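The values are calculated or read from the model by the stated rules, or taken from the named source; none is laboratory data. Note that the structure is predicted; figures quoted are calculated from it, not measured. Cβ: placed from backbone, ideal geometry, glycine included. Neighbour counts: every protein chain shown. These area figures cover heavy atoms from the full protein model, side chains too; ligands, DNA and RNA do not enter into them. Shrake-Rupley method; radii C 1.70, N 1.55, O 1.52, S 1.80 Å.
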Amino acid sequence: MALDRIIEPWSALLDAGREDGRLVREANEGPGPPQLADPPAELHPDVLAALARIGIEQLYTHQREAVYAAWAGPTMFTTGTASGKSMCFNLPTLDVLCRDARARALYLYPTKALAQDQARALAAFGLSKRVRPAIYDGDTPRQARAQIRKSANVVLSNPDMLHVGILPNHAAWADLFSNLAVVVIDEAHVYRGVFGSHVANVLRRLRRIAAAYGTEPRFLLASATIANPIELAERLTGLQDVRLIDRDGSPAPRRRIAVWNPPLTDEALGLRRSALAEAAELLAGLVREGARSICFMKSRKGVEVLSRLVKLELQESDPQLAELVVPYRAGYTPQQRRELEARLTAGELRAVITTDALELGIDIGELDAAVVVTFPGTVASLRQMWGRAGRRGRGLAVYVAGEDALDQFFCRHPEDFLDRPVEAAILDHESQLIYRAHLLCAAHEGPLAGDDAEFLGPRWEAHAEQLQSAGVLRRRPGPGASGDGREAAAGLSAGVYVPRRPDGYPAAEVSLRSASAESFAIVDVSSGELLGSTEAARAHSTVHGGAIYMHLGRSYEVRELDLERRRALVTPFDGDWYTQPKRQTDTEIVRLLDRRETLGVTLSFGEVSVTDTVLAYQRRRLADHAQVDLVALELPPTSFSTQALWFELATAERPAGEPAQLIPLEALLGALHATEHAQIAVLPLIAMCDRWDIGGLSTNFHPQTGAPTIFLYDGHPGGIGIARTAFARFEELCEDARRLIAECPCASGCPSCVQSPKCGNLNEPLSKAGALLLLEQLLAAPAEPALTAPL
Ligand SMILES: [Zn+2]
Ligand SMILES: [Zn+2]
């Protein structure tokens, strides 16, 4: 291969992988020269002077374009990691603040640490007379809050604080809202799924309150690369005609991309050498060759294990090098983190192994190599992690595949993952439970009236009527309405909706991180700490007694699930097993919303009610997934309503088509079940989500359809658009699932194709061959593209 022959610290490692086939794909990115331009001359002289003072004479072209775009209208910036994205929104913001001493800006970050980084970046401009940033989040001391409200002209916060602390108390923030000129939403790709659906509502409430104070702030958003940046910006803010700045003028480092697949140890069973062992060897090699490396793992447990393995690997040959490898986990104090970051940047450390705590843009500078172990869930975050590699213009970006279906799919189709547009971020701000919760919050912030359609959407009245029937809102005649019928004739504009309990505080009952207000608290009884909460609909399957529960990468064992008081009592866990619940699931079709004929089946989309009974749980060994035992549980059924797609297959009694007839009846259920698993495994390729966000059910007879049926449903109450997207792009879903199964080298199904780590039937029965036959037959039938646009 005519790639460069410069000897890099990783050349020998790659040669070895190329030789034995573990290196399944390599590519070169960059280098590209920087494209520079002068800062816009129209910027306020103080901003221009500040740029000169910090040594920036020229901007990258996208930064200059960003300023003009931001002046013209709402804008989304999606250039690469380390391309100076924050300059894109900082320059226009600083310009406004320098021109108007009363102007205020609000910056929203998904995490506190990122807000702190940005506050430092703003301070570095040295415009302290005109620019007064302050962080306002849960950690801000009470006594400092009033001062911040009064004097800060850049408030850095997070959506949770905006939702529960700032909007409900807008009167105390009157100065901010009356002068709010700019709202910056950084890391916008994080706001997808349930979280995104909530944040979209919070931002609509923000626009509504700002309007009440007479302002219409300019929204500036920044995101990692995703397939649908403008759509995401528009869905999040409710604004239209958002501009996009995506042509990157920053110099791309020359980066070698390597996709690494651990070797098969048992082809028939689909077993491979573990990704951990493989990564340990690679990292030890990089450390020996002097490369500064960062390695990303999904769990804290994984961070510990891998650190140990790398040190072991080094201790034999180079004990002094073993000391230069450190694990880095969340839970450090800010000072410990800074110290570690400084040692890493200075080159005193060779390798740091971490969870994605570092993923979101914290400035540790660039390193020689970035190694990502197992697929992090989205190509967007993989690319962001890879973006760490490229110190001194050259770097190595490695992905070590795990055994999961998507990991192996990518190893067989690296081009799909390196070249195809990355996933679309999906959210649904009108998801009923979420929308209505925020409508109630909005009513508390100010009576709902006719002109609210601009912010809350055209269907808000229908939702408000429902909340009135439910007894939480009440209609009050508006000023000028006498209640003699003129009110009705004039429509709602003559009256308003107000909360039935004006002294309530509904925002406090809505968590932006879960779809339903009904939740179970998770309490660590060893420390008394409240770890978080889980949706009630998921509590029985995730935190039943005896369950091993993962929270922020750490494992806990559930001591007791207290149904009465809605809480799970847990203790830290470091045993060597995990648990998988055995469940009985039923789906009832509640409302058909859309239907089409395609691939020889009737494909439907609608509302379903999912009823789950957790019957037992299985304990399995971490090392080899072998079953330890099966423990019975006695839990009542739970149900929730959500959105689903389903498709019916023809049967001998209903000879509309062929598929079911050709698959022997005894194999039918296994074929349906394996098809369902494969479709769930590849759905994240279409919609940016996790397989844990999706549920499925397959049956050879569903009482409502009267036929063999497969259901795929949104795992969160109300649904957040995943099933709708899958409905619209069903043909792709079937083709990806077929490829996943057909190309897996295993004999009869393995974790890399049809087995699922979350199957409620513990992967019984499954027929890999039957599913392949079924999908091939579907794909042989004519496709009728969807008319409905994907959400
Ligand atoms: Zn397989
Ligand atoms: Zn299953």
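How large is the dipole of the range 73-210 about the Cα centre if only Lys and Arg carry +1 and Asp and Glu carry -1, each at its Cβ, rounded to the nearest 20 debye?
In debye, rounded to 20, the range 73-210 gives about 400.
Run the numbers for residue 213 and residue 42: contour at 0.36 nm per residue of separation, minus the present Cα-Cα distance, in nm.
Computed gain between residue 213 and residue 42 is 58.7 nm.
Taking 7 Å along the Cα-to-C-beta vector as the label spot, tell me the residue 503-residue 312 distance in nanometres, rounded to one decimal.
With each label point 7 Å from Cα toward Cβ, the separation is 6.3 nm.
When DSSP assigns beta bridges and you keep just the ones with both residues in the chain, what percent turn out antiparallel, to the nearest 5? If you can, show how the numbers build up before the last one.
On the way: 80 of 132 bridges.
About 60 percent, rounded to the nearest 5.
Tell me the per residue accessible area of the range 553-639 using a 1.4 Å probe; a whole number in Å² is fine.
The answer is 53 Å² per residue.
Which order do 628, 558 take by accessible area at a 1.4 Å probe, largest first?
Heavy-atom accessible area, descending, gives 628, 558.
Around residue 602, which amide H atoms from residues at least 5 apart in sequence, or from another chain, sit under 5 Å from its own amide H, with H modelled in the peptide plane?
648
For the pair residue 529 and residue 72, how long in nm is the line joining their label points, each one 7 Å along Cα→Cβ?
Taking the simple label geometry, residue 529 and residue 72 are separated by 4.9 nm.
Determine the gain in length on full extension of the stretch residue 266-residue 466; use 0.36 nm per residue of separation and subtract their C-alpha separation, reporting nm with one decimal.
66.2 nm
If you count only protein heavy atoms with a 1.4 Å probe, what accessible area per residue comes out for the range 658-791, rounded to a whole Å²?
34
According to the square roots a ≥ b ≥ c of the eigenvalues of the Cα gyration tensor, what is the shape class of the chain, taking rounded for a/c under 1.5, prolate for a/b larger than b/c otherwise, and oblate for the remainder?
Verdict is oblate for the chain.
Which ³J(HN,Hα) values, rounded to whole Hz and listed in residue order, are derived for the range 204-209 from phi using the Karplus coefficients 6.51, -1.76 and 1.60 in 6.51 cos²θ - 1.76 cosθ + 1.60 with θ = phi - 60°, glycine and proline given as x?
5, 5, 4, 4, 5, 5
Grab the beta carbon distance between residue 416 and residue 348, set R0 = 41 Å, and tell me the FRET efficiency rounded to 0.05. Numbers along the way, then the final one.
Details: r = 40 Å, r/R0 = 0.96.
According to the calculation, E is roughly 0.55.
Tell me which residues come under 5 Å, amide H to amide H, from residue 228 once H is placed; ignore anything under 5 positions away on its chain.
425
What shape does the range 681-791 have by the C-alpha gyration tensor, where a ≥ b ≥ c are the square roots of the eigenvalues, rounded means a/c under 1.5, and otherwise prolate means a/b greater than b/c and oblate the rest?
Note, shape of the range 681-791 comes out rounded.
On the protein heavy atoms, probe 1.4 angstrom, tell me the percent of accessible surface of the chain carried by carbon and sulfur. List each step's numbers first, then the result.
Details: 16350 of 32170 Å².
Solvent-exposed carbon and sulfur of the chain make up 51 percent of the total.
Students often forget the sequence filter, so: which lysines lie under 30 Å Cα-Cα from residue 582 once same-chain residues fewer than 8 apart are removed?
Cross-link targets: 298, 301, 758, 768.
Per residue of the range 14-31, what does 6.51 cos²θ - 1.76 cosθ + 1.60 with θ = phi - 60° give for ³J(HN,Hα)? Whole Hz please, x for Gly and Pro, Karplus curve as stated.
My calculation for the range 14-31 gives 5, 4, 4, x, 5, 5, 9, x, 6, 7, 8, 6, 9, 8, 10, 10, x, x Hz in order.
Which cysteines in the chain lack any other cysteine whose Cβ sits under 4.7 Å from their own Cβ?
88, 98, 295, 411, 441, 689, 734, 759, each lacking another Cys Cβ under 4.7 Å.
Dipole magnitude of the range 118-183 about its Cα centre, charges +1 at Lys/Arg Cβ and -1 at Asp/Glu Cβ only, in debye to the nearest 20?
My answer is approximately 340 debye.
From the backbone phi of the range 391-400, what are the Karplus-calculated ³J(HN,Hα) couplings (6.51 cos²θ - 1.76 cosθ + 1.60, θ = phi - 60°) in whole Hz, Gly and Pro given as x?
These are the phi-based 3J(HN,Hα) values: 4, 6, x, 9, x, 10, 10, 10, 10, 9 Hz.
Going by a ≥ b ≥ c, the root eigenvalues of the Cα gyration tensor, does the range 80-119 fall in the rounded group (a/c under 1.5), the prolate group (a/b larger than b/c) or the oblate group?
Oblate shape, in that a/c is at least 1.5 and b/c is the bigger or equal ratio.
Return the FRET efficiency for the residue pair residue 19, residue 563: r is the Cβ-Cβ distance, R0 is 60 Å, and the value is rounded to the nearest 0.05.
My answer for the efficiency is 0.55.
Report the accessible area of residue 511, computed with a 1.4 Å probe over the heavy atoms of all protein chains in place, in Å² rounded to the nearest 10.
The accessible area comes out at roughly 50 Å².
Could you give the dipole magnitude of the chain about its Cα centre, charging the beta-carbon of Lys and Arg +1 and that of Asp and Glu -1, in debye to the nearest 20?
Roughly 2340 debye, rounded to the nearest 20.
Between residue 339 and residue 451, what is 0.36 nm times their sequence separation minus the Cα-Cα distance? Round to one decimal in nm.
So the extension gain works out to 35.1 nm.
What residues have an amide H closer than 5 Å to that of residue 218, excluding those fewer than 5 places away on the same chain, when H is modeled at 1.01 Å from N in the peptide plane?
For residue 218, whose amide H was placed from the backbone, the distant partners under 5 Å are 182, 183.
Go ahead and estimate [θ] at 222 nm for the chain from helices alone: -39,500 (n - 2.57) per DSSP H run with n ≥ 4, summed, over the residue count, rounded to 500. Numbers along the way, then the final one.
Working: 26 runs with 265 residues, N = 791.
Rounded to the nearest 500, the figure is -10000 deg cm²/dmol.
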